[in-house]
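**Q** Input: one structure, supplied below.
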Ligand SMILES: C[S@@+](CC[C@H](N)C(=O)[O-])C[C@H]1O[C@@H](n2cnc3c(N)ncnc32)[C@H](O)[C@@H]1O
């Protein structure tokens, strides 16, 4: 335990544990103090800002304890679990929070976020080792673009601030995005004179770079012509504004299973190719290993079909999702790929209208992969259903734990929980949970 007096602004602390965002936490008699980039066992000198500034002030939690965020001044006794970061901008750039952790510490910390979320939900379930799914790196990046004092800048938000850090290289990106910072700057320069801050999303596709700009508003004829010329000069696959296609020079497609999906501009895509492959593999394995033959699967929150296009190799798939352009892209890919079983699609808001037990009864398996908010309404309906196999894919450990508890309270048994790391050096972790409803009869697997 550390001593913390409320009047002091500079102090020495010993770090006791890691927090969910990667901060070191010193447990003081007055409450936890969060120290960015500090590791357990380290003695650190920190500054605790006076109570007023919004950033870094000491705040009282709902339990009445002081939760303080300190600034790291110096690491007095470094941990053997500390490593040199890959990127010179680490600690200044807000993109990564964990480049300072040695591999075993990093892996334990990531896996622990799932363990902690499940134990907070009072669930005592075995959790598998973290599966690394960084692969060749992230295939999509969003840059912020601003004009300040007449100077155009493109980059990421600085850590704990609204300032922009200019980027010309990011080591967590796929090499196919090497020229993305320059492309973002070139495109932003044409649009920033309007005076609005922009987000420039760039995706590496089989056809080349796919660029979608947000924040600009309506594009008139003049700027459309200018952007079309820029797409030519920069050799882009496609350039769009708010998903409105300005020019498509080559199809911005990505392979999924045996199909090729032309991505809807700005639509959801798993962060890394290996991440998508890994999540889909875990989903497929669960179906193949099921105690009975899986003939019909509902793929809920299906996006543009990374699971459906692989599941169709073993079963008929009904893909449900709220984004119509994603389902249209899936349907086109399915129709263009010979030799697959049937895929049907349904545009539906699964928060408001989850599939009901009467609809679910025709499926041997249900996969759901919701946004961070989770699939609470759908989990409640599954809990009332007779679906033999449920596979929950999640990008948020907290809502995964909540939905898992609903399934278990509804009679499902967890078979395997696998954390997957496709957002290297960030606090994000994906989880795949496989659940069986006990008592399902074995059927012929042929
Ligand atoms: C995490 S993504 C997963 C997509 C897909 N499974 C994949 O791996 O690419 C979540 C998906 O849920 C969709 N979604 C968000 N809110 C929804 C809702 N209320 N009802 C149905 N789908 C929704 C999003 O459009 C997005 O495609």
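**Q** Considering every residue within the range 209-220, establish whether at least one is more than 16 Å from the ligand (Cβ to nearest atom), within 30 Å of residue 133 (Cβ to Cβ) and part of a loop (DSSP other than H, G, I, E, B).
**A** no
**Q** Scan the range 334-361 residue by residue and report those that are within 16 Å of the ligand (Cβ to nearest atom), part of a helix (DSSP H, G or I) and either touching a strand residue (DSSP E or B) at 6+ places or on another chain (Cβ under 7 Å) or farther than 17 Å from residue 297 by Cα (or both).
**A** Those that are within 16 Å of the ligand (Cβ to nearest atom), part of a helix (DSSP H, G or I) and either touching a strand residue (DSSP E or B) at 6+ places or on another chain (Cβ under 7 Å) or farther than 17 Å from residue 297 by Cα (or both): 334, 360.
**Q** Select from the range 372-383 the residues that are in a helix (DSSP H, G or I) and either within 10 Å of the ligand (Cβ to nearest atom) or within 16 Å of residue 280 (Cα to Cα) (or both) and list them in ascending order.
**A** If we filter the range 372-383 for residues that are in a helix (DSSP H, G or I), which is where we start, we get 376-383.
If the condition is that a residue be in a helix (DSSP H, G or I) and either within 10 Å of the ligand (Cβ to nearest atom) or within 16 Å of residue 280 (Cα to Cα) (or both), then 377, 378 are the ones that fit.
**Q** Considering the range 311-332 alone, what residues qualify as being surrounded by fewer than 24 Cβ atoms within 10 Å (Cβ to Cβ) and either more than 10 Å from the ligand (Cβ to nearest atom) or closer than 18 Å to residue 281 by Cα (or both)?
**A** 313, 314, 315, 316, 318, 328, 329, 331, 332
**Q** Within the range 258-290, track down each residue that is touching a strand residue (DSSP E or B) at 6+ places or on another chain (Cβ under 7 Å), over 21 Å from residue 135 (Cβ atoms) and not in a helix (DSSP H, G or I). Reasoning before the result, please.
**A** Kept after step one, since they are touching a strand residue (DSSP E or B) at 6+ places or on another chain (Cβ under 7 Å), are these residues of the range 258-290: 260-263, 265-266, 269, 271-272, 275, 278-279, 282-283, 286-287, 290.
Now narrow it down to the ones that are over 21 Å from residue 135 (Cβ atoms): 262, 265-266, 286-287, 290.
Once the filter is applied, which keeps residues that are touching a strand residue (DSSP E or B) at 6+ places or on another chain (Cβ under 7 Å), over 21 Å from residue 135 (Cβ atoms) and not in a helix (DSSP H, G or I), the range 258-290 yields 262, 265, 266, 290.
**Q** Would you mind finding the one in 364, 369 that is near the ligand (Cβ under 10 Å from one of its atoms), in contact (Cβ under 8 Å) with a residue 24 or more places away in the chain and assigned by TED's automatic domain parsing to the domain that holds residue 314? Step through it out loud before you land on a result.
**A** Numbers: 364 fails: near the ligand (Cβ under 10 Å from one of its atoms).
Sole residue among the options that is near the ligand (Cβ under 10 Å from one of its atoms), in contact (Cβ under 8 Å) with a residue 24 or more places away in the chain and assigned by TED's automatic domain parsing to the domain that holds residue 314: 369.
**Q** Here's another thing I want to ask about it. For a quick check of your reading of the model, give me the residue pairs whose first member lies in the range 252-281 and is closer than 13 Å to residue 238 by Cα, whose second is within 9 Å of the ligand (Cβ to nearest atom) and assigned to a loop (DSSP other than H, G, I, E, B), with beta-carbon atoms closer than 8 Å and at least 6 apart or on different chains.
**A** So the pair list comes out as 263/269; 263/304; 264/304; 264/323.
**Q** Can you find even one residue in the range 387-408 that is more than 13 Å from the ligand (Cβ to nearest atom) and loosely packed, with under 14 Cβ neighbours inside 10 Å?
**A** no
**Q** Select from the range 285-297 the residues that are surrounded by fewer than 24 Cβ atoms within 10 Å (Cβ to Cβ) and either under 24 Å from the mean Cα position of the chain (by Cα) or touching a residue at least 24 places away in the same chain (Cβ under 8 Å) (or both) and list them in ascending order. Quick ask: steps written out before the conclusion?
**A** Start the filter on the range 285-297 by keeping residues that are surrounded by fewer than 24 Cβ atoms within 10 Å (Cβ to Cβ), which leaves 285-296.
Across the range 285-297, the qualifying residues are 285, 286, 287, 288, 290, 291, 292, 293, 294, 295, 296.
**Q** Based on what the data block shows, is residue 281 at pLDDT below 95 and either closer than 16 Å to residue 367 by Cα or within 12 Å of the ligand (Cβ to nearest atom) (or both)? Break it down into steps so the answer makes sense when it comes.
**A** On the way: at pLDDT below 95: no; either closer than 16 Å to residue 367 by Cα or within 12 Å of the ligand (Cβ to nearest atom) (or both): yes.
Against the criterion (at pLDDT below 95 and either closer than 16 Å to residue 367 by Cα or within 12 Å of the ligand (Cβ to nearest atom) (or both)), residue 281 does not qualify.
**Q** Within the set of pairs 6 or more residues apart or between chains, which connect a residue that is on the phi > 0 side of the Ramachandran plot inside the range 212-226 to a residue that is part of a loop (DSSP other than H, G, I, E, B) and loosely packed, with under 15 Cβ neighbours inside 10 Å with Cβ atoms less than 9 Å apart?
**A** If the second residue must be part of a loop (DSSP other than H, G, I, E, B) and loosely packed, with under 15 Cβ neighbours inside 10 Å, the pairs left are 215/196; 215/242; 217/196; 217/242.
The values are calculated or read from the model by the stated rules, or taken from the named source; none is laboratory data. Not measured: the values here are computed from a predicted model. Virtual Cβ from ideal backbone geometry, glycine too; neighbours counted across all protein chains shown.
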